[in-house]
1. Can you say whether residue 96 is outside any strand (DSSP E or B), open to solvent by 50 Å² or more (accessible area, probe 1.4 Å) and in contact with a Ser or Thr (Cβ under 6 Å, 6 or more places away or on another chain), as far as the supplied structure shows?
2. I want to confirm something. Restricting to segment 132-163 and keeping residues that are assigned to a helix (DSSP H, G or I) and of a type outside the set (A, V, I, L, M), which single residue is nearest to residue 102 (Cα to Cα)?
3. Based on what the data block shows, is residue 234 modelled with pLDDT of 70 or more, more than 30 Å from residue 77 (Cβ to Cβ) and open to solvent by less than 40 Å² (accessible area, probe 1.4 Å)?
4. Is there any pair linking a residue in segment 20-45 that is farther than 26 Å from residue 80 by Cα to one that is small (Gly, Ala, Ser) and surrounded by fewer than 17 Cβ atoms within 10 Å (Cβ to Cβ), with Cβ under 8 Å and at least six apart or on different chains, and which?
5. Which one is modelled with the highest pLDDT among residues in segment 206-231 that are in a helix (DSSP H, G or I), hydrophobic (A, V, I, L, M, F, W, C) and touching a Leu at 6+ places or on another chain (Cβ under 8 Å)?
6. Among the residues of segment 155-165, are any at pLDDT below 95, open to solvent by 90 Å² or more (accessible area, probe 1.4 Å), out of contact with any Ser or Thr (no Cβ under 7 Å at 6 or more places or on another chain) and more than 22 Å from residue 78 (Cβ to Cβ)?
7. Taking segment 111-131 as the region of interest, how many residues are under 30 Å from residue 76 (Cβ atoms), among the β-branched types (Val, Ile, Thr) and either open to solvent by 50 Å² or more (accessible area, probe 1.4 Å) or over 22 Å from the mean Cα position of the chain (by Cα) (or both)?
Amino acid sequence: MKWNLNFISEQNFETHVCQTILKYGENLEPFDLEKLNKNIIDPIKMVFDKSVYKMSWEEIIKSEIFRQRDKSNNNSIGYFHQNFFNYIKGCEVPNEGWDVIFRNPHKIKIDGETVSTIYVEMKNKHNTMNSAALQKIYIKMQNQLLSDDDCVCFLVEAIAKRSQNIKWQTSVDGKKVGHKKIRRVSIDKFFEIVTGDENAFFKICKILPETIQNIIERNGETLIKSDTAFSELAAISKIIGGNDKNSSFAAATLMLGFSSYNGFKTLRPTKFDTAELSEYANGILKM
């Protein structure tokens, strides 16, 4: 693999990718029944999904585990985007205040303006913020311009609607507002500004899959472990019994959310605290 990123070393790139993988943290740990039901899943939705999408119970459980992991992993990807700039000359990733600050003593030219500093709020995706959140960010940027007229403020989006560096127009207190020094910028355009390479983000994306694969191959066994939630539920469905395996598994799944509800107590094993049940089911599996 020929290294052609002149704005970050290969070692620093690999270090950052590895740190991002480790940021997945507890999501790399196996999902047992207790972890699967930590925030109480929606058993009714799972029963519908299984039938409507013609999936097996194992596929449904794996899908729910993936959904829970995916929800948390968005924070890890946010870490990847934001903290990448720790390795870019002139960039700072503060502990609070702004996501990224870029300073250039030789000045930065933005839409006819020449400034020394860019203050950045960074988001993973363009549609993840409601109007109240957008308004709050815009007011923060207005306040920054009032205290420093040698700067611009960017809302940088990793996944924007298109490649762009435009004046951000939005509504504050019901009024349409816009300022050429408050801008909405796709991440490729921000990388172009801070690295001087218009294809910097493209080059990162091109080298990223191979780098991740190499790290996983070197450390895969220690990073990824097997989930046990399905086998635990299968053990409980056997305890519930019945001639129809599908119905008994559905009953076991429904018990995750409704074990204390009227009528459901007749289905449950003696123990149905989720933590105890996980241990109970594991004991059944070992028999």
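1. Numbers: outside any strand (DSSP E or B): yes; open to solvent by 50 Å² or more (accessible area, probe 1.4 Å): yes; in contact with a Ser or Thr (Cβ under 6 Å, 6 or more places away or on another chain): no.
No; evaluated as a whole, the condition is false for this residue.
2. Within segment 132-163, the subset assigned to a helix (DSSP H, G or I) is 132-147.
Next cut, of a type outside the set (A, V, I, L, M) only: 135-136, 138, 140, 142-144, 147.
Working: 135: 23, 136: 22, 138: 19, 140: 17, 142: 18, 143: 18, 144: 14, 147: 17 Å.
That would be 144.
3. The answer is yes for residue 234.
4. Within 8 Å, the pairs are 34/275.
5. Filtering segment 206-231 for residues that are in a helix (DSSP H, G or I), hydrophobic (A, V, I, L, M, F, W, C) and touching a Leu at 6+ places or on another chain (Cβ under 8 Å), the one modelled with the highest pLDDT comes out as 207.
6. no
7. Taking segment 111-131 as the starting set, the residues that turn out to be under 30 Å from residue 76 (Cβ atoms) are 117-131.
Adding the requirement that they be among the β-branched types (Val, Ile, Thr) leaves 117-118, 120, 128.
After this cut, where a residue has to be either open to solvent by 50 Å² or more (accessible area, probe 1.4 Å) or over 22 Å from the mean Cα position of the chain (by Cα) (or both) as well, the list is 117-118, 128.
So the answer is 3.
Let's see how each residue does on (1) of a type in the set (Ser, Thr, Tyr); (2) touching an Asp or Glu at 6+ places or on another chain (Cβ under 8 Å); (3) modelled with pLDDT under 90:
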position	(1), (2), (3)
12	no, no, no
15	yes, no, no
33	no, yes, yes
75	no, no, yes
94	no, no, no
103	no, yes, no
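The values are calculated or read from the model by the stated rules, or taken from the named source; none is laboratory data. Remember, it's a predicted structure, so these values are computed and weren't measured experimentally. Neighbour counts are summed over all protein chains in view; Cβ atoms, including those assigned to glycine, are modelled from backbone coordinates with ideal geometry. Note: accessible area is taken over every heavy atom of the protein model, side chains too, but ligands, DNA and RNA are not part of it. Shrake-Rupley method; radii C 1.70, N 1.55, O 1.52, S 1.80 Å.
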